[in-house]
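Chemist: Shown below is the structure under consideration.
The values are calculated or read from the model by the stated rules, or taken from the named source; none is laboratory data. These figures come from a predicted structure and were not determined experimentally. With ideal geometry, Cβ positions are generated from the backbone for all residues, glycine too; neighbour counts draw on all protein chains shown. We work out accessible area using only protein heavy atoms, side chains counted, and drop any ligands, DNA or RNA first. Shrake-Rupley method; radii C 1.70, N 1.55, O 1.52, S 1.80 Å.
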Amino acid sequence: MGVFETVAVALWAMLPAYVPNNAAVLAGGGRPIDAGRTWNGRRLLGDGKTWRGTAVGTLAGAALALILNAAEPTVSDLLGVALPTFPLAVVVALPAGAMLGDIAASFLKRRTGRERGAAFPGVDQLDFVVFALLLAFLAAPDWFGDVFTVPVLAVVVVATPVLHLTTNGIAYALGLKDEPW
Ligand code: CTP
Ligand code: MG
């Protein structure tokens, strides 16, 4: 696989995991998942993790995966590369994993004394990738092995923090998000 194809496959395969966080920012509000519960005097997750944000984020990512499946032949043709399609289990696993990773990171932030919105460099940028990949692997191990080769995974690990910081910076500049991370 050439460099262009590797990058194209990496970004395409991760799109259903990239969109949920941004959709959650737009949809956030309402009941927090932890319902205000605390542990050792600190919130379990905090007000930044809501049912609505999580549900809308997961649905947005799954909807995108279905759209990408429909668009795959055309886009593969246009780019001259063989892009993957998403089996149904992966359509759900990628966005659900992304949301789960973000929630796990908030749990970790609260345990380490970080208030809602505090930055946690590294964790903020990769939490959702690790869980999205893990759930996708569990949902479809053979598919995962075919798509996420070592070079593709390397591109994902390098490109994701850059993309994440860029989209969050834009969301912050537009007043949609309280912090640029
Ligand atoms: N959001 C949500 N539900 C989620 C994830 C995000 O409602 N599962 C919304 C919330 O409105 C949140 C915003 O998206 O404030 C930004 O997300 P994020 O940066 O992940 O949350 P923070 O508010 O920064 O909280 P934390 O410190 O726990 O990450
Ligand atoms: Mg945040």
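Chemist: Closer than 29 Å to residue 28 by Cβ and within 14 Å of ligand 1 (Cβ to nearest atom): is that true of residue 176 in this structure? Give the derivation first.
Modeler: On the way: closer than 29 Å to residue 28 by Cβ: yes; within 14 Å of ligand 1 (Cβ to nearest atom): yes.
So residue 176 passes the test.
Chemist: Which residue, of 57, 46, is open to solvent by less than 30 Å² (accessible area, probe 1.4 Å), closer than 14 Å to residue 94 by Cα and either modelled with pLDDT of 95 or more or within 16 Å of ligand 2 (Cβ to nearest atom) (or both)?
Modeler: Criteria check complete, one pass: 57.
Chemist: Please go through the stretch 97-126 and give me each residue that is in a helix (DSSP H, G or I), open to solvent by 30 Å² or more (accessible area, probe 1.4 Å) and in contact with a helix residue (DSSP H, G or I) (Cβ under 6 Å, 6 or more places away or on another chain), ordered by number.
Modeler: Selection gives 100, 102, 123.
Chemist: Based on this model, can you work out whether residue 74 counts as under 25 Å from residue 7 (Cβ atoms) and among the hydroxyl-bearing types (Ser, Thr, Tyr)?
Modeler: yes
Chemist: Being more than 16 Å from ligand 2 (Cβ to nearest atom) and either assigned to a loop (DSSP other than H, G, I, E, B) or open to solvent by less than 30 Å² (accessible area, probe 1.4 Å) (or both) is the filter here; which residues of the stretch 11-25 pass it?
Modeler: 12, 13, 14, 16, 17
Chemist: Listed residues 90, 158; which is over 28 Å from residue 40 (Cβ atoms), part of a helix (DSSP H, G or I) and open to solvent by less than 40 Å² (accessible area, probe 1.4 Å)?
Modeler: Just a single option satisfies the conditions, and that option is 90.
Chemist: Among residues belonging to the stretch 107-143 that are charged (D, E, K, R) and out of contact with any Gly (no Cβ under 9 Å at 6 or more places or on another chain), point out the one that is farthest from ligand 1 (Cβ to nearest atom).
Modeler: 142
Chemist: So residue 46 passes all but one of these: (1) over 26 Å from residue 145 (Cβ atoms); (2) part of a helix (DSSP H, G or I). Which condition number does it fail?
Modeler: Looking at each condition in turn, residue 46 falls short on (2).
Chemist: In addition: Identify all residues within the stretch 33-50 that are of a type outside the set (Lys, Arg) and either in contact with a helix residue (DSSP H, G or I) (Cβ under 6 Å, 6 or more places away or on another chain) or near ligand 1 (Cβ under 8 Å from one of its atoms) (or both); write none if there are none.
Modeler: 33, 45, 46, 47, 48, 50
Chemist: Among the residues in the stretch 106-120, are any out of contact with any Ser or Thr (no Cβ under 7 Å at 6 or more places or on another chain) and under 18 Å from residue 15 (Cβ atoms)? Even if it seems obvious, please write down each step before you answer.
Modeler: Taking the stretch 106-120 and keeping what is out of contact with any Ser or Thr (no Cβ under 7 Å at 6 or more places or on another chain), we get 106-120.
If we keep only those that are under 18 Å from residue 15 (Cβ atoms) as well, we get none.
The answer is no; no qualifying residue exists.
Chemist: Ok, one more. Surrounded by fewer than 17 Cβ atoms within 10 Å (Cβ to Cβ) and in contact with a strand residue (DSSP E or B) (Cβ under 8 Å, 6 or more places away or on another chain): which single residue out of 41, 36, 28 fits that description?
Modeler: 36
Chemist: Of these, 165, 176, which one is part of a helix (DSSP H, G or I) and open to solvent by 70 Å² or more (accessible area, probe 1.4 Å)?
Modeler: 165
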